[in-house]
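Down below is the structure, laid out as structure tokens.
Bear in mind that the values in this text are calculations on the coordinates, not laboratory data. The shown structure was predicted, so the numbers you read here are calculated from the model rather than taken from an experiment. Don't worry about glycine lacking a Cβ; one is built from the backbone with ideal geometry, like all the others, and counts go over all protein chains shown.
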Amino acid sequence: MTLDEILNQWIPYRLQAIQTLQLAWKLANECEQQRNVEIVVDGEIRLEGNVALITNPMIEIGLVHARALLEFLGLMTKEGKLTNVSPRKRRSDDIAIEHYKVGGIPLAIVTREAALRAYPGPQADAEAALVAIFEWTNKGIAHLTTGVLSASYTDRHLDIACRGIPVLLHNNLYAKLGRETPSPPPATLRRYSRKASGD
């Protein structure tokens, strides 16, 4: 994959996964009752289950993609704090922000301070939101762990991170390259109401 393909396809695809994560999170949490879901393909029911059948994988893959984009920008966590990846410790086949150049000079990784300044609210909230992405992904999805997190994270942290990651990508990558951030294909969840038989 070329660097242009990363900009035009790979990053927008991952941004779409973050949009889908937000939609799935809302759907999963809009009520406490078990709700059924049917996946219909060409008019035929192919899968049946509860809402978690579709929302769990959508949420999990969205978190994985969010984490990947933060690492692409040069961010990571250590002991519950946001910090930076050492460019020297990246794997040889990693593609990262520093592979892109302006005037022959590589773009810099996004510092912790720059990432937190991009959020208009308290920096402690921004840091907790980005750390939450890493911890939910690392401790809840990518590895089998006790699941103990460094803090209690909420829906608000998820919202701050999911809204902030596209801003960080635009400000530190696309804008510096003189480009607009490509729009990901829209990710929508449509609600259909089924009338009871005989209505």
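Quick rundown of the values:
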read-out	value
LYS176/ARG35 FRET efficiency (R0 41 Å; Cβ-Cβ; nearest 0.05)	0.40
Nearest 10 degrees, 0 to 90: helix 11-29 Cα axis against the chain principal axis	40 degrees
Note, ³J(HN,Hα) from phi for region 71-87, Karplus 6.51, -1.76, 1.60, rounded to Hz, x at Gly and Pro	5, 4, 6, x, 9, 7, 10, 8, 6, x, 10, 6, 8, 10, 5, 7, x
Inter-label distance for THR154 and ALA118, nm, one decimal - labels placed 7 Å from Cα along Cα-to-Cβ	2.4 nm
Computed [θ] at 222 nm, helices only, for the chain once each DSSP H run of length n ≥ 4 contributes -39500 (n - 2.57)	-12500 deg cm²/dmol
For the chain, the fraction of alpha-carbon pairs in successive 5 Å shells from zero, as %	1, 7, 14, 18, 18, 15, 10, 7, 5, 3, 1, 1, 0, 0
Relative contact order computed over region 1-122 (Cα-Cα under 8 Å; 6+ residues apart), in percent	21 percent
With Cα atoms, 0 to 90° folded angle of helix 155-169 axis to the chain main axis	50 degrees
Calculated from backbone phi, Karplus (6.51, -1.76, 1.60) coupling profile of region 111-128 in Hz, x at Gly/Pro	6, 4, 4, 5, 4, 6, 5, 5, 8, x, x, x, 5, 4, 5, 5, 5, 4
3J(HN,Hα) from dihedral phi, region 39-45, Karplus parametrisation 6.51/-1.76/1.60, rounded to Hz, x for glycine, proline	9, 10, 10, 6, x, 10, 6
Segment ILE141-LYS81, length gained on full extension (0.36 nm per residue, minus Cα span)	19.7 nm
At most 14 other Cβ within 10 Å, DSSP loop - GluC sites (Glu not before Pro), region 40-143	GLU79
